[in-house]
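Here the structure is laid out as structure tokens; the discussion comes afterwards.
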Amino acid sequence: MNLSRKLVAEFIGTALLLATVVGSGIMGVALAGGNDAIALLANAGATAGALYVLIVLFGPISGAHFNPAVTLAMRLRGELGNVEAAAYIAVQVVAAIAGVLLAHAMFDLPLIQPGTHVRTGVPQWISEAVATFGLLLTILLGIRHRPAAIPVLVASYIFAAYWFTASTSFANPAVTLARSLTQTFAGIRPDDVLGFVGAQLIGMLAGCAAASWLKPVDVEAPAAVPAPSEKRTEDESESLSAARDLS
């Protein structure tokens, strides 16, 4: 597959994902009447639904990473080269920012508004490490066991992680950076981005290590080469058979 097509797929998918995350947060708050649980349910449901669709659409084209942590994991596993991985990550970051701006434009908000939601401290960092660990484990083991189920596996995991983590599961460095540009429900302070990204990278490495240990990549055994004595026996048998035919 042509790299430019892969990058366009990553751009569209990542931008639409962020537009969904931020836009559904804005809509959820507007309709929830001050009930944060309803707003979070709307946010989680919309994000999971969009992820399912985007992975189905763009998975066959680019792998549907939409996430530098996933791209780095694939690079560590040797499934991407350095140039391709760097291009993926650059596009994901730019697309994530574009998705936030798109959400703001759809709801008639200032395009850029530095985040004000405080998301820092050990519980938040642990949450991000756990969320990213689980995401990578879901992807890497899902690829081995049920590759056709990856869209529903990832969407289901992200929906659950919104609820069981204190951070509401960013689990994505590009998403984290882009969400520092919104003051809406999905936002994060720019000062808190580095801590989240660090925790996500730790979770990514742990997820890769766990997946490799639980289900190591199969190494195809080389074809057996007949021993010299076996080969002579086969040759002699063929010669005897030919002699009988001639007689």
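The values are calculated or read from the model by the stated rules, or taken from the named source; none is laboratory data. Source: prediction; values computed, not measured. Here the Cβ positions follow ideal geometry from the backbone for every residue, glycine too, while neighbour counts run over all protein chains shown.
Going by what's in this entry, would ALA64 be described as part of a helix (DSSP H, G or I) and either at pLDDT 95 or above or surrounded by fewer than 19 Cβ atoms within 10 Å (Cβ to Cβ) (or both)? No. Within the range 1-58, being touching a Ser or Thr at 6+ places or on another chain (Cβ under 6 Å), under 23 Å from ILE143 (Cα atoms), surrounded by fewer than 22 Cβ atoms within 10 Å (Cβ to Cβ) and of a type in the set (A, V, I, L, M, F, W, C) holds for one residue alone: ALA50.
Taken over the range 115-134, the criterion of being out of contact with any Ser or Thr (no Cβ under 9 Å at 6 or more places or on another chain), over 15 Å from PRO173 (Cβ atoms) and in a helix (DSSP H, G or I) is satisfied by VAL122 alone.
Just one of (1) over 14 Å from the mean Cα position of the chain (by Cα); (2) more than 24 Å from ILE38 (Cα to Cα); (3) in a helix (DSSP H, G or I) fails for PRO216. It is (3).
Quick check on ALA69: is it of a type outside the set (Lys, Arg) and part of a helix (DSSP H, G or I)?
Against the criterion (of a type outside the set (Lys, Arg) and part of a helix (DSSP H, G or I)), ALA69 qualifies.
Looking across the range 166-219, the residues that are among the basic types (Lys, Arg) and either at pLDDT 95 or above or farther than 16 Å from LEU136 by Cα (or both) come down to ARG179, ARG189.
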